[in-house]
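Right, one structure below, let's go through it.
The values are calculated or read from the model by the stated rules, or taken from the named source; none is laboratory data. Since this is a predicted model, take the numbers as computed values, not measurements. No Cβ is skipped: glycine too gets one built from the backbone with ideal geometry, and neighbour counts run over all protein chains shown.
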Amino acid sequence: MTGDWADNCWTLRQISRPSEINMLFFIGRFRASVCLGKTLFCSWCCIKVKPLASLIKSSIYIHFCISLWQLTLMSSIRSKNLLTSPGHMMLKSKILLLTRSFMLVILASCGAPEKPKDNDIVPLEEDINTRISKNLQQTIEYAVINKGRINDSILLSEVTLVEKVYNGNGYKSIWRNDQEWLPATDSLFEFIKRSKELGLFPADYHLRSVQGSLYQLANDTLAVKNAALWSRADLMLTDAILLIARHLKYGRLERDSVTLRADTVINEDIFINALNQVLQTGDVANTLHQLEPKHPDYDSLKLGLKSFLDSTNFRRYTYLVYPDKDSANFYRKLQKRLFESDIVESAVEPMDTTAWRTVLATYQKEKGLRVTGKINETTVNSLNNTEWEKFIRAAITLDRYKLLSDTMPLTYVWVNIPAFMLKVVDTDTMVFESRVIVGTTKTRTPVLTSQVSNFITYPQWTVPYSIIFKEMLPQIKRDVGYLAKQNLMIVDKNDSIIDPYTIDWSKLNKNRFPYLIKQRQGDDNSLGVLKFNFANKYSVYLHDTNARWMFGKSDRALSHGCVRVKDFQRLANFLVRNDTIKYPPDTLKSWISRQEKHVVSGFAKVPVYIRYFSCEGRGGKIRFYPDIYSEDRILRNRYFGDKTIM
């Protein structure tokens with residue numbers, strides 16, 4: 001239709017006399033100006049009032065104004081003799097596109113919601129509920145458009161669910177009744193204040209804003225008449241309980257292929273159901289606790305966290321990132337951090353090399369670290385190991401439990417990498433624990449879930465190609481006798497043994513290596529005398545070792561990625577415990593003493609969980625383990641770096 005107006009104007013301009021056309025375009029300019037004014041006025045009415053009549057009227061005026069504006073532009077073009085130029089048709093098309101885009105922008109602005117009011121004082125008590133509902137609707141509409149943002153200080157994290165809740169009840173207040181808060185309101189506020197005992201951050205749930213609003217509404221007679229204040233407080237409380245429910249059920253960590261819970265579909269109705277149950281029963285604590293993991297170790301860590309919080313000091317210290325590409329910036333932060341602990345006298349006064357060496361050596365000696373007088377990862381980790389950072393690690397670990405299945409199997413093997421420990425659980429009872437050795441920082445033990453399917457006594461070890469190329473091949477090229485010293489043999493694709501001295505090792509590399517290297521069975525085998533198999537894509541397993549003295553070390557991140565088990569015989573006996581006829585108690589011991597190879601299967605497959613939990617509850621306290629792979633540090637910086645407790 002806009003194009004038709006322009007076409008008519010174009011044709012009229014070609015057939016009319018100059019004097020008539022000039023008069024026509026003068027009138028067109030005048031009408032265009034009038035229509036533009038009316039358009040702006042009607043658009044303002046549309047934005048502020050938004051009745052349907054204003055929207056329709058605005059649309060008509062916009063269309064008419066743009067048509068006359070096109071007419072005016074054509075007049076200007078003709079006055080410059082551009083009408084007969086070869087490119088006039090292209091110019092005309094651009095004008096039509098520009099004007100239509102302008103019309104769409106104007107029309108789109110008609111639907112923009114009004115910014116929520118800071119104050120909306122209602123003189124008459126009987127009108128307060130109606131005005132609260134109106135404020136609730138306007139605020140939610142604005143927040144939806146602005147990604148949850150209500151104002152500079154309030155962001156609704158669960159704005160989609162909040163909209164669903166209030167749309168379902170006709171935008172009525174949820175937490176208010178007859179000018180008073182429901183009893184559940186105070187219970188929810190207290191729960192928010194104490195949520196750090198669950199590894200949560202009260203500031204995430206509008207603690208200060210809700211506290212301020214509740215105080216005003218309880219102590220300020222004018223605030224009681226403020227419908228905008230009532231509605232904001234109501235929205236924050238609803239958003240808070242929905243977000244708490246999400247965090248207690250699923251945590252804050254992103255799921256991957258290992259931690260994706262096959263038995264749990266994320267259903268957001270769970271959070272709304274929790275809200276409704278709270279409103280019906282008034283029992284906030286029990287309702288929300290039902291969403292937490294049903295895992296004994298989770299409860300133990302919570303108990304330890306409560307004790308930790310009773311004596312903690314949440315002073316914030318400068319967090320150090322190491323290594324840092326900007327060394328000057330790192331040392332400025334390091335000096336500030338040392339000053340915060342009264343280790344140096346100034347946070348800014350320059351320090352020379354000698355001063356740095358003395359300060360670092362003194363700190364390392366006091367903390368029982370290896371004294372080098374130089375900055376290193378161990379020293380940085382010690383400086384970062386504050387009460388606040390420990391709380392964050394506890395919060396991360398609690399969230400890791402939420403990545404487990406809702407229902408754990410009755411029997412399973414659990415390996416905790418940072419603890420260097422394995423435990424066997426049967427019917428919620430820990431049967432036994434064993435020390436383990438896990439992968440180094442360069443050859444990490446992977447997090448995985450599988451099932452032990454069989455075990456082998458006196459196994460052969462097929463060396464992974466990664467170890468062959470990184471470690472063995474360079475040594476073999478220097479000395480072929482290395483193979484015999486390590487009890488290794490070379491086999492071809494047919495599993496035939498090849499004499500290593502007949503091979504031209506200089507021509508072999510990672511792109512050309514048509515052999516396998518296997519280690520013969522025996523006490524010198526790197527797998528020891530027993531290996532437990534379970535399906536996984538990393539080619540790792542549980543096994544014994546020929547270097548059992550390593551279990552005496554405190555830092556047992558020493559393997560190529562597999563998990564070496566100190567009490568391997570006890571684990572094997574547990575797996576076949578229900579088949580005493582086929583496997584009498586001393587059977588395994590006899591096989592090992594006679595150095596016999598056996599493949600044992602047919603027992604009920606036992607799930608195995610290899611996980612990375614850097615702390616756990618023990619005896620009502622928290623036991624922290626080294627963050628050997630820096631997994632906690634990565635998650636801390638990604639999810640919790642900007643958190644505050646209040």
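Condition (residue is assigned to a helix (DSSP H, G or I) and within 30 Å of Thr312 (Cβ to Cβ)) applied to segment 219-227: is it met by at least one residue? Before you say what the answer is, go through the steps one by one.
Just the residues of segment 219-227 that are assigned to a helix (DSSP H, G or I), to begin with: 219, 223-225, 227.
Retained after the next criterion (residues that are within 30 Å of Thr312 (Cβ to Cβ)): none.
So far as segment 219-227 goes, no, none of its residues is assigned to a helix (DSSP H, G or I) and within 30 Å of Thr312 (Cβ to Cβ).
I'd like the residue in segment 531-575 that is surrounded by fewer than 18 Cβ atoms within 10 Å (Cβ to Cβ) and of a type in the set (D, E, K, R) and, out of all such residues, is farthest from Lys423 (Cα to Cα).
Lys537
Just to be sure before I move on: is Asp186 modelled with pLDDT of 95 or more, out of contact with any helix residue (DSSP H, G or I) (no Cβ under 8 Å at 6 or more places or on another chain), among the acidic types (Asp, Glu) and surrounded by fewer than 15 Cβ atoms within 10 Å (Cβ to Cβ) in the structure I sent? It would help to see each step written out before you state the result.
Numbers: modelled with pLDDT of 95 or more: yes; out of contact with any helix residue (DSSP H, G or I) (no Cβ under 8 Å at 6 or more places or on another chain): yes; among the acidic types (Asp, Glu): yes; surrounded by fewer than 15 Cβ atoms within 10 Å (Cβ to Cβ): yes.
Judged against the criteria, Asp186 is a match.
Quick one: Leu369 ticks every box in (1) in contact (Cβ under 8 Å) with a residue 40 or more places away in the chain; (2) within 30 Å of Arg316 (Cβ to Cβ); (3) surrounded by fewer than 18 Cβ atoms within 10 Å (Cβ to Cβ) bar one, so which box is it?
Here Leu369 meets the rest and fails (1).
For segment 137-187, enumerate the residues that are of a type in the set (Lys, Arg) and part of a strand (DSSP E or B). Lay out the reasoning, then the answer.
First pass over segment 137-187, keeping only residues of a type in the set (Lys, Arg): 147, 149, 164, 172, 176.
Arg149, Arg176, listed by residue number.
Search segment 137-152 for residues that are among the small types (Gly, Ala, Ser) and pair each with any residue that is buried (at least 19 other Cβ atoms within 10 Å of the Cβ) and in a helix (DSSP H, G or I) when their beta-carbon atoms are under 6 Å apart and the residues are at least 6 apart or on different chains.
Ala143/Val159; Gly148/Val159
Being touching a residue at least 12 places away in the same chain (Cβ under 8 Å) and assigned to a helix (DSSP H, G or I) is the filter here; which residues of segment 333-348 pass it? First the steps, then the outcome.
Going through segment 333-348, the residues touching a residue at least 12 places away in the same chain (Cβ under 8 Å) turn out to be 333-338, 340-341, 343-344, 347-348.
Within segment 333-348, Lys333, Leu334, Gln335, Lys336, Arg337, Leu338, Glu340 meet the criteria.
Any chance you could count how many residues in segment 377-402 are under 26 Å from Thr443 (Cα atoms), assigned to a loop (DSSP other than H, G, I, E, B) and modelled with pLDDT of 95 or more?
Going through segment 377-402 one residue at a time, the tally reaches 0.
Does Gly602 satisfy the criteria of being assigned by TED's automatic domain parsing to the domain that holds Thr445, on the phi > 0 side of the Ramachandran plot and in contact with a Phe, Trp or Tyr (Cβ under 7 Å, 6 or more places away or on another chain)?
Details: assigned by TED's automatic domain parsing to the domain that holds Thr445: yes; on the phi > 0 side of the Ramachandran plot: yes; in contact with a Phe, Trp or Tyr (Cβ under 7 Å, 6 or more places away or on another chain): no.
Spelling it out, it is not the case that Gly602 is assigned by TED's automatic domain parsing to the domain that holds Thr445, on the phi > 0 side of the Ramachandran plot and in contact with a Phe, Trp or Tyr (Cβ under 7 Å, 6 or more places away or on another chain).
Specify which of the listed residues (Tyr612, Tyr583) is free of Cβ contacts under 8 Å to residues at least 60 places away in the same chain and surrounded by 19 or more Cβ atoms within 10 Å (Cβ to Cβ). Talk me through it step by step, then tell me what you get.
Details: Tyr612 fails: free of Cβ contacts under 8 Å to residues at least 60 places away in the same chain.
From the options Tyr612, Tyr583, the qualifying one is Tyr583.
Condition first: among the charged types (D, E, K, R) and touching a residue at least 40 places away in the same chain (Cβ under 8 Å). Now tell me which residues in segment 524-552 satisfy that.
So in segment 524-552, the residues among the charged types (D, E, K, R) come out as 524, 531, 537, 544, 548.
Passing the criteria: only Lys531.
So which residues in segment 202-223 are more than 19 Å from Phe189 (Cα to Cα) and without any contact (Cβ under 8 Å) to a residue 60 or more places away in the chain, if there are any at all?
The first filter runs over segment 202-223 and keeps only residues more than 19 Å from Phe189 (Cα to Cα), leaving 220-223.
Passing the criteria: Asp220, Thr221, Ala223.
Name every residue in segment 602-630 that is of a type in the set (A, V, I, L, M) and out of contact with any Cys (no Cβ under 8 Å at 6 or more places or on another chain), in order of residue number.
Of segment 602-630, the ones of a type in the set (A, V, I, L, M) are 604, 606, 608, 610, 622, 628.
Result: Ala604, Val606, Val608, Ile610, Ile628.
Closer than 24 Å to Val413 by Cβ and among the hydrophobic types (A, V, I, L, M, F, W, C) - does that describe any residue in segment 505-527?
Yes, segment 505-527 contains a residue that is closer than 24 Å to Val413 by Cβ and among the hydrophobic types (A, V, I, L, M, F, W, C).
Can you tell me which residues in segment 372-424 are buried (at least 17 other Cβ atoms within 10 Å of the Cβ) and among the acidic types (Asp, Glu)?
Glu389, Asp399
With Leu291, Leu320 as the choices, which residue is in contact (Cβ under 8 Å) with a residue 24 or more places away in the chain, under 21 Å from Ile645 (Cβ atoms) and out of contact with any Cys (no Cβ under 7 Å at 6 or more places or on another chain)? Walk me through it before giving the result.
Details: Leu291 fails: under 21 Å from Ile645 (Cβ atoms).
Within the list Leu291, Leu320, the selection yields Leu320.
Of the conditions (1) farther than 24 Å from Pro202 by Cα; (2) touching a Pro at 6+ places or on another chain (Cβ under 9 Å), Thr221 satisfies every one except a single condition; which number is it?
Every listed condition holds for Thr221 apart from (2).
Counting only residues that are over 13 Å from Ser382 (Cβ atoms) and part of a loop (DSSP other than H, G, I, E, B), how many does segment 320-332 have?
Initially, segment 320-332 is screened for residues over 13 Å from Ser382 (Cβ atoms), giving 321, 323-332.
Now drop any that are not part of a loop (DSSP other than H, G, I, E, B), which leaves 321, 323-326.
Within segment 320-332, residues that are over 13 Å from Ser382 (Cβ atoms) and part of a loop (DSSP other than H, G, I, E, B) number 5.
If you take just the strands (runs of 3 or more DSSP E) that sit entirely in segment 419-534, which of them hold at least 2 residues that are out of contact with any Lys or Arg (no Cβ under 8 Å at 6 or more places or on another chain)?
Working: elements: 421-426, 429-439, 448-457, 488-491, 516-519, 530-534.
Per the criteria, 421-426, 429-439, 448-457, 516-519, 530-534.
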